[in-house]
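J.: Input: one structure, supplied below.
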């Protein structure tokens, strides 16, 4: 299966969209939705947050180096 990489110009938008999804997930967890999955979903939300932070930092570093 071939994968394609999005252009660098699309990455900030993708990171932003994923961060919005992460925030929505956190809100749903806080409201008590999916109580039986709360611990797993909270762990997923934390990992996604860390991944998005690293991706944004890496993209920023790359953009700064190319200037």
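The values are calculated or read from the model by the stated rules, or taken from the named source; none is laboratory data. None of these values were measured; they are calculated from a predicted model. Virtual Cβ from ideal backbone geometry, glycine too; neighbours counted across all protein chains shown.
J.: Does residue 57 meet the test of being exposed (fewer than 11 other Cβ atoms within 10 Å of the Cβ), free of Cβ contacts under 8 Å to residues at least 24 places away in the same chain, assigned to a helix (DSSP H, G or I) and under 14 Å from the mean Cα position of the chain (by Cα)?
T.: It is true that residue 57 is exposed (fewer than 11 other Cβ atoms within 10 Å of the Cβ), free of Cβ contacts under 8 Å to residues at least 24 places away in the same chain, assigned to a helix (DSSP H, G or I) and under 14 Å from the mean Cα position of the chain (by Cα).
J.: While we're looking at this one, here's another question. Do you know which residues across segment 29-46 are more than 26 Å from residue 57 (Cβ to Cβ) and surrounded by 13 or more Cβ atoms within 10 Å (Cβ to Cβ)?
T.: 38
J.: Which is at pLDDT below 95, assigned to a helix (DSSP H, G or I) and under 22 Å from residue 62 (Cβ atoms), of 11, 51?
T.: It is 11.
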